[in-house]
Amino acid sequence: PRKIIIDTDPGQDDALAILLALASPELDVLGIVAVAGNIPLELTHTNIRKVCEVASRPDVKVYAGSVRPMVRQLVTAEHVHGETGLDGYDLPAPAMPLQTQGGVEFIIETLMREEPGTVTLCPLGPLTNIGMALVREPKIASRIKEIVLMGGGYFEGGNITPSAEFNIYVDPHAAEIVFGSGVPIVMMPLDVTHKVLTTEKRVSAMRGIGTRVGEVAAAWLEFFERFDEEKYGTDGGPLHDPNVIAYLIKPELYSGRHCNVEIETSSPLTIGETVVDWWGVTDREKNALFIKDVDADGFFSLLTERLATLPA
Ligand code: BDR
Ligand code: CA
């Protein structure tokens, strides 16, 4: 199986991404690192452990990473995810432990220990931990197989400002380090995640699994979609983070283009924008695969089938 580290700020969509990863034999989850983002750090590492317990996987190693972005003040998104970050289904406080090693140290140590080119990073929140790790130990850059991340947007505009997507906006300086690192990057921007809609039919298929996992997942989706559905007037809201994991399992569901992507870090108006050279009008290096299209039905079948394999 492909070795991955998930870096995340759950968030209902992060939670579904974690469940999908834990349900997929193609992936070996070496650890899950919490980052401050949708909600403060303490809630994110608590939520990760709640999700692992929903998946009956209290053995997964969970680490606490950065408490705030590299330069800017933390911006959170309780208006989207609720006060707990995982509103929609009440879960008990987790019994499984948080590892004592710091999340950034775990990322560095793992990459320096594992064979080069074998570990994939999957950031589902602000890129703070990855940026910090690259600054603290630049040698990791050439050892990372790939970074497959959810973040950014271009033709679709932004969701936290008119031009910025939340994850990149929260820590644009970390994003700049990551996109400038030379590590192969695949990005799942709003341009693709806004095509992955949680329609009523798809949510009821999730509930139709008939297990607690199915019920929890459906309840999370129903809470999470409320915000975006009202806003965008679509049938269901967009589902973001699980696309990262689905891409690792079934890349044929997705298509995009290799482009140069740069991060705006100083303009007060457009800070956090991912500037994508889609038409190749510069000779800047093509540093990312910008995913733009998806087989959304294929995605939801995969998600639902896999969640159905988790223990009831
Ligand atoms: C991203 O922001 C968060 O609210 C979601 O979990 C996702 O990672 C979408 O912009
Ligand atoms: Ca997230």
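The values are calculated or read from the model by the stated rules, or taken from the named source; none is laboratory data. Not measured: the values here are computed from a predicted model. All Cβ positions, glycine included, derive from the backbone under ideal geometry; neighbour counts span all protein chains shown.
Residues in region 89-131 that are among the small types (Gly, Ala, Ser), within 20 Å of the chain's Cα centre (by Cα) and either closer than 16 Å to Val60 by Cα or modelled with pLDDT under 95 (or both): Gly102, Gly103. Inspection of region 182-199 finds no residue satisfying the criterion of being in a helix (DSSP H, G or I), surrounded by fewer than 22 Cβ atoms within 10 Å (Cβ to Cβ) and touching a residue at least 60 places away in the same chain (Cβ under 8 Å). Of the residues screened, Val51 is one that is within 16 Å of ligand 2 (Cβ to nearest atom) and either modelled with pLDDT of 95 or more or crowded, with 17+ Cβ neighbours inside 10 Å (or both). Selection of region 72-103 for residues being of a type in the set (Val, Ile, Thr), more than 15 Å from Pro126 (Cα to Cα) and within 16 Å of ligand 1 (Cβ to nearest atom) yields Val80, Thr84.
The set of residues from region 8-31 being assigned to a strand (DSSP E or B) and in contact with a Lys or Arg (Cβ under 6 Å, 6 or more places away or on another chain) comprises Leu27, Asp28, Leu30, Gly31.
From the list Gly125, Gly182, Gly117, Gly157, which residue is at positive phi and within 16 Å of ligand 1 (Cβ to nearest atom)? Being at positive phi and within 16 Å of ligand 1 (Cβ to nearest atom) holds for just one of Gly125, Gly182, Gly117, Gly157, which is Gly157.
Taking the criterion of being free of Cβ contacts under 8 Å to residues at least 60 places away in the same chain and not in a helix (DSSP H, G or I), the residues of region 51-76 that qualify are Arg57, Pro58, Asp59, Val60, Lys61, Val62, Tyr63, Ala64, Val67, Gln73, Thr76. The listed residues are Gly256, Gly214, Gly298, Gly236, and the only one of them that is surrounded by 18 or more Cβ atoms within 10 Å (Cβ to Cβ), in contact (Cβ under 8 Å) with a residue 40 or more places away in the chain and under 20 Å from the mean Cα position of the chain (by Cα) turns out to be Gly256.
For region 132-173, a residue qualifies if it is buried (at least 19 other Cβ atoms within 10 Å of the Cβ) and part of a loop (DSSP other than H, G, I, E, B), and the qualifying residues are Gly151, Gly152, Gly153, Tyr154, Gly158, Asn159, Ser163, Ala164, Glu165, Asp171. Can you find, within region 95-130, the residue that is surrounded by the most Cβ atoms within 10 Å (Cβ to Cβ) among those that are outside any loop (DSSP other than H, G, I, E, B) and within 16 Å of ligand 2 (Cβ to nearest atom)? Ranking the qualifying residues of region 95-130, first place goes to Thr128.
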